[in-house]
Amino acid sequence: TKAFGGTVVLDEENAETGTFEITKTPEAIHDPIYSNLPDKFFAQLGHKDHVGEMPDGAIRLAFSERSSVQAFTFEGEPIYATIFHPEMDDEATVFRLVHYARQFGLSDLALQELKDSVKPSNEAVRVLQHFFDHVVVRGERYRAVD
């Protein structure tokens, strides 16, 4: 976000750690990466920072209850940004939670409650496959300059 001129803000009260529901925007319906995902899907998250202002020209693709921007892109560019972790599944999230529990001294009960709240995120992990298929393999959304 910062690299493209937007702002990032620390908002610990709205931190998202674990599995959260993501909602697509109307703009995502026409996007090759997000169009085949359901309107709402679960994803793995772990952040205290949030997008304050999106970069100029950015198109918001998804949001959550606590974070107004979970994904964005730019028209005609092979650039996609996500706040959620499409590379992580529920097992990876549990692994991360155990690490956090040790690092921050969470009680066994608190850790178990977090672990119990983790859900599969089968749709979110498809984002990377869609990116590979549409942008890397097919070269959609942009053309390389000769």
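The values are calculated or read from the model by the stated rules, or taken from the named source; none is laboratory data. These numbers were taken from a predicted model, which means no experiment stands behind them. Here Cβ is always computed from backbone atoms with ideal geometry, including for glycine, and neighbour counts include all displayed protein chains. Ligands, DNA and RNA are excluded from the accessible area calculation, which covers all protein heavy atoms including side chains. Shrake-Rupley method; radii C 1.70, N 1.55, O 1.52, S 1.80 Å.
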Q.
Kindly evaluate K115 against the criterion of being in a loop (DSSP other than H, G, I, E, B), open to solvent by 30 Å² or more (accessible area, probe 1.4 Å), at pLDDT 90 or above and not polar (S, T, N, Q).
A. no
Picked from the range 127-146 (must be in contact with a Phe, Trp or Tyr (Cβ under 9 Å, 6 or more places away or on another chain) and at pLDDT 90 or above), the residue most open to solvent (accessible area, probe 1.4 Å) is F131
When the range 9-30 is checked residue by residue, the ones that are open to solvent by less than 60 Å² (accessible area, probe 1.4 Å), farther than 21 Å from E91 by Cα and either at pLDDT below 95 or assigned to a strand (DSSP E or B) (or both) are T23, K24
